[in-house]
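Bear in mind these aren't lab numbers, they're just calculated from the coordinates by the rules spelled out. In this text the structure is predicted, and so the values were computed from the model without any measurement. Positions of Cβ are generated from backbone atoms using ideal geometry, with glycine treated the same way; all protein chains shown enter the neighbour counts.
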Amino acid sequence: MTGPEAASAGAALPGVAGRVAVVTGAARGIGAAVAAALSAEGAVVAALDRDASALREAAERLRATGGRVRPYPVDVADEDTVERVCAHAEAELGPVDVLVNVAGVLRMGEVTEMSGADWAATLATNTTGVFHMCRFAARTMRRRRRGVIVTVGSNASEIPRIGMAAYAASKAATTQFTKCLGLELARHNVRCNVVSPGSTDTQMQRALWQGQDGSAKVVAGDLESFRPGIPLGRIAEPEDVARLVVFLVSDHARHITMQNIYVDGGASLR
């Protein structure tokens, strides 16, 4: 249940309805789930993604269920475009109250075989893109002394993974960046947190699977690649991550900032 009917199924979370929320990577996967969950709680959602066609389709689906969602195609790695598009979104929807950074790319490969282009592309989106978005949002939030930023990281930010050095490094940098930003903005009543999923059933995750039992292999783990399994015995759904994001955005989490919360079914053994 992802439309407005989801909000009516239980008590609405305070501090979400009517707020302007910017969600990057909103065309699919976790980003789309976050946009849907915020929309269901009554937020006005500016949905951002570099895949313009998929983004429009995702926005249309949410509007069909009564959501207030507007698509804004943008590549978060492009500094000038981010500034222009975000300013346009604020002019149309109002000042940004919430920013959720979800946009990300995964370029697999061991370090000795990885190209400089793959390394640069990974950090450009996963790290520098978050910087671009946060800098814009933080300025308006600081001025208004209100706002929440949530960055979707990864449990790979602290757990080494074979073939994922670039991705893990980008997520580790983004996690620490978000915490530092939270420290800078705390005195302005702006909260910044990180949500770190483990294996989640998204297009990115499925691209890593080999064979029909890819999900089962992930749950079981692989000792040869030093990868633990998932104690809860299931891969996360995007909605599992989105629900935590919405909680952190709400007033129920008003005293939570600079935290990194794992949503990985216990895979990181933390």
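Calculate how many DSSP beta bridges within the chain are antiparallel, expressed in % of all such bridges and rounded to the nearest 5.
5 percent
Place a +1 charge on the Cβ of each Lys and Arg in the chain and a -1 charge on the Cβ of each Asp and Glu, then give the dipole magnitude about the Cα centre in debye, rounded to the nearest 20.
Numbers: 29 positive and 28 negative charges, 205 e Å.
With Lys and Arg at +1 and Asp and Glu at -1, about 980 debye.
Using θ = phi - 60° and the Karplus relation 6.51 cos²θ - 1.76 cosθ + 1.60, list the HN-Hα couplings for region 170-182 in order, rounded to whole Hz, with x at every Gly or Pro.
Karplus-based 3J(HN,Hα) across region 170-182 equals 5, 6, 5, 5, 5, 4, 5, 4, 5, 5, 5, 4, x Hz.
Skipping prolines and chain starts, which residues have an amide H placed within reach, meaning under 5 Å, of the one on Val194, given they are 5 or more residues away or on another chain?
Excluding prolines and chain starts, which carry no amide H, the hits are Thr151, Gln259, Asn260, Ile261.
Where Lys and Arg each count +1 and Asp and Glu each count -1, what net charge lies around Met108 among other residues with Cβ under 13 Å from its Cβ?
Once all neighbours under 13 Å are counted, the net charge is -1.
Whole angstrom only: what separates the Cα centroid of region 35-114 from the Cα centroid of region 240-261?
Computed from Cα coordinates, the inter-centre distance equals 19 Å.
Taking 8 Å as the Cα distance limit and 6 or more residues as the minimum spacing, I'd like the relative contact order of the chain as a percentage.
19 percent
Can you run phi through the Karplus equation (6.51, -1.76, 1.60; θ = phi - 60°) for region 23-34 and list ³J(HN,Hα) in whole Hz, with x for Gly and Pro?
10, 8, x, 7, 6, 7, x, 5, x, 5, 5, 5
Where does each of 231-243, 77-89, 161-173 land if you order them by average Cβ count within 10 Å, highest first?
Descending packing order for the listed peptides: 161-173, 231-243, 77-89.
Viscosity 0.692 mPa s, temperature 37 °C: give me the Stokes-Einstein translational D for the chain in µm²/s, with Rh taken as the Kirkwood radius over C-alpha pairs. Intermediate values should be presented prior to the final figure.
Values: Rh = 18.6 Å.
In µm²/s, the coefficient rounds to 176.
Net charge around Asp49, counting only other residues with Cβ within less than 10 Å of its Cβ (Lys, Arg = +1; Asp, Glu = -1)?
With Lys, Arg at +1 and Asp, Glu at -1, the neighbours total +1.
Could you give me the ³J(HN,Hα) list for region 253-262, computed from phi with Karplus coefficients 6.51, -1.76, 1.60 and θ = phi - 60°, whole Hz, x at Gly and Pro?
Whole-Hz 3J(HN,Hα) from phi for region 253-262: 9, 4, 10, 10, 8, 6, 10, 10, 10, 8.
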